[in-house]
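Asker: The structure follows.
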Amino acid sequence: MADRLSAREVVALLADPGTFSELSYPSRESAPDGPLGWPGYGAAHARAAERTGERESVICGTACVGGTRAVLVVFEFGFLGGSLGERTGDRLEAAYAHARVHRLPVVPLVATGGSRMQEGMLALTQLQRVACESALTRRAGLAQVAVVRDPTTGGGWATLGAGADIVLALPGAQVGFAGSRVRPADADPAAYTAEAQVAAGAADALVRPEELRETLGRWLRLLTRPSTAPVPPPPALGRADLPATGRDAVRRARAPGRPRAAAYLDAFLTSRVSISGDRCGGTDPDGMLCGFGEHEGRTVAYAAQTGAATRPAGYRTAARLIRLADRLGIPVLTLVDTPGAANDAEAERQGAGAAIADLFTAVAEARTPLTTLVIGEGGSGGALALAAPGNTWATPDSYFSVIAPELAAAILKRPAEEVEGTADRLRVRPRDLVELGVVRGVAGAAVRTEEQPVD
């Protein structure tokens, strides 16, 4: 695809052999030179058809990809630059409608320069049709996984590409709203690449062409297995004994050798794929891990703090993950482990408060079951935003607090020697949290609420 494969070559690369079935398309009568009577448009259309063997800039059909059936929407860039016109819109509308009737995910494989100039505003309004079909498909609880090829620009990027639930990008592809002929002359071309879109959080991952069928098949399999049962809390990976004091709980949660989120995810999930980015220009790879994985044959969505201060982009990415999982009916596991939200000036400029508020809202609104395990530090609202109300558990190596004991002592104007006593008074230990009803129980320890009252 890096060499601009034709639409048929793309289908052959991705579809399981013998499974592609092209859809029937609506027929639309048009004037010889299109709706605007653009001189030479009819001849250009005919030449494009002769050169590519296609009658329009997109072909649509159903196929299995890695064993999962989906609707493929494949652009033919050789046909008038993969541009969108009225007939393109007809095909796209039919493809999305077919997906909803047959409950299939949609995979746009985009390679387009944007709207077709020779059809003027009638071409541009096809973006509204696409957006409407995408919204209806989203409302139906069906996944949309886009693959952006070279090039993906203009309205094709701003609807079929960037508007998908998951965006995979081919390395080296030109991807951006502004195409090469319309952007400022002094613009940095590196900003209009697949790599730049991944770095900015607008796309989830780069995938090489030879890995695309396997990767796309894994995504489709994971996103098409809804479940109503909550995820069980993962077993604790660290020490099994409970901390004796509040200060001991804090020390253990901050210990460098304690198991972190990646270790928990690797132990609990047999495989996983990651989403990246908040779709607002930010990523937080050092503070939040989000994606989908498999546990005992079921798909599990996960949002996991890594032990660092969580940045606004991390909260927004987690909210995006939870809303997607909720729409697809996939249960969610969250792992809490942060000293708190990032509180530097840049975090404030990036909207820390709004990002945390949005995550609280996403958790509160979720209909899919959420399960939370506190695996380390639970620092204030920056940790609580990720916790499932009524279904949060803790490990023996964790604590949860309204604020870090040191900061609590400072706020209360206590001397440094009173920090340890402050930790005890805050009742941050796992056992304290169970007694207070903040968590349901301690993973790997004989401490539970209701089922086994604490003495």
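Asker: Taking only DSSP H segments of four or more residues, each worth -39500 (n - 2.57), what value at 222 nm results for the chain once the sum is divided by all its residues, to the nearest 500 deg cm²/dmol?
Answerer: -10000 deg cm²/dmol
Asker: A follow-up question, please. Along the positive direction of the dipole of the chain (beta-carbon charges: Lys, Arg +1; Asp, Glu -1; about the Cα centre), which of VAL374, VAL273, LEU104 reaches farthest?
Answerer: The Cα lying farthest towards the positive end belongs to LEU104.
Asker: Let me ask another. Taking the Cα centre of the chain as origin, work out the dipole magnitude from +1 charges on Lys and Arg Cβ and -1 charges on Asp and Glu Cβ, in debye rounded to 20.
Answerer: Values: 48 positive and 51 negative charges, 116 e Å.
Using Cβ point charges on Lys, Arg, Asp and Glu, the chain gives about 560 debye.
Asker: Expressed as a whole percent, how much of the Cα-Cα distance distribution for the stretch 118-172 exceeds 17 Å?
Answerer: Of all Cα-Cα distances in the stretch 118-172, 41 percent exceed 17 Å.
Asker: Report the trypsin sites (Lys or Arg not before Pro) located in the stretch 159-221 that are in a DSSP loop and have at most 12 other Cβ atoms inside 10 Å of their Cβ, or state none.
Answerer: Here the sparse-neighbourhood loop sites are ARG181.
Asker: Set Lys and Arg Cβ to +1 and Asp and Glu Cβ to -1, take the dipole of the stretch 246-436 about its Cα centre, and tell me which of ALA352, LEU412, GLY291 lies farthest positive.
Answerer: GLY291
Asker: Then there is this: Exposure proxy check: ILE330, ILE403, ILE375 ranked by fewest other beta carbons within 10 Å?
Answerer: Ranked by crowding around the Cβ, least crowded first: ILE403, ILE330, ILE375.
Asker: Now, a different point. Would you mind giving the three semi-axes, in whole Å and largest first, of the ellipsoid equivalent to the chain according to its Cα gyration tensor?
Answerer: So the three semi-axes of the chain are 50, 22, 17 Å.
Asker: As a footprinting exposure proxy, order CYS60, CYS132, CYS280 by other Cβ within 10 Å, with the fewest listed first.
Answerer: Values: CYS60 24, CYS132 13, CYS280 16.
By the 10 Å Cβ count, ascending: CYS132, CYS280, CYS60.
Asker: Separate question: How far is helix 86-102 tilted, in degrees, relative to the longest principal axis of the Cα atoms in the chain, given as a value from 0 to 90 rounded to the nearest 10?
Answerer: Here the helix axis deviates by roughly 50 degrees.
Asker: With just the Cα atoms defining each centre, how far is the stretch 312-382 from the stretch 269-306? Give it in Å.
Answerer: 12 Å
Asker: Then there is this: Please name which of ALA187, VAL58, ALA443 has its Cα lying farthest along the dipole of the chain towards the positive end, using unit charges on Cβ (Lys, Arg +1; Asp, Glu -1) and the Cα centre as origin.
Answerer: Farthest towards the positive end: VAL58.
Asker: On C-alpha positions alone, give me the angle between the axis of helix 212-223 and the longest principal axis of the chain, in degrees, nearest 10.
Answerer: 60 degrees
Asker: With charges set only on the Cβ (+1 for Lys and Arg, -1 for Asp and Glu), what does the dipole of the stretch 18-64 come to about its Cα centre, in debye to the nearest 20?
Answerer: That gives the stretch 18-64 a dipole magnitude of about 60 debye.
Asker: Using Cα atoms only, what is the angle between the long axis of helix 126-139 and the major principal axis of the chain, expressed in degrees (0 to 90) to the nearest 10?
Answerer: Its long axis makes an angle of about 40 degrees.
Asker: Could you put ARG440, ARG138 in order, starting from the residue whose Cβ has the fewest other Cβ atoms within 10 Å?
Answerer: ARG138, ARG440
Asker: To the nearest Å, what is the center-to-center distance of the stretch 15-89 and the stretch 108-161, using C-alpha atoms only?
Answerer: Distance between centres, Cα-based: 13 Å.
Asker: Here is a follow-up. If you place +1 on the Cβ of every Lys and Arg, -1 on the Cβ of every Asp and Glu, and leave all else neutral, what size is the dipole of the stretch 246-436 about its Cα centre, to the nearest 20 Debye? Don't skip to the end; give the middle numbers.
Answerer: Details: 22 positive and 23 negative charges, 48 e Å.
The calculated dipole for the stretch 246-436 is roughly 220 debye.
None of the figures in this text is laboratory data; all of them are computed from the coordinates on show. Every value quoted in this text rests on a predicted model; they were computed, and no experiment measured them. A quick note on method: Cβ atoms are made from the backbone with ideal geometry, for glycine too, and the neighbour counts reach across all protein chains shown.
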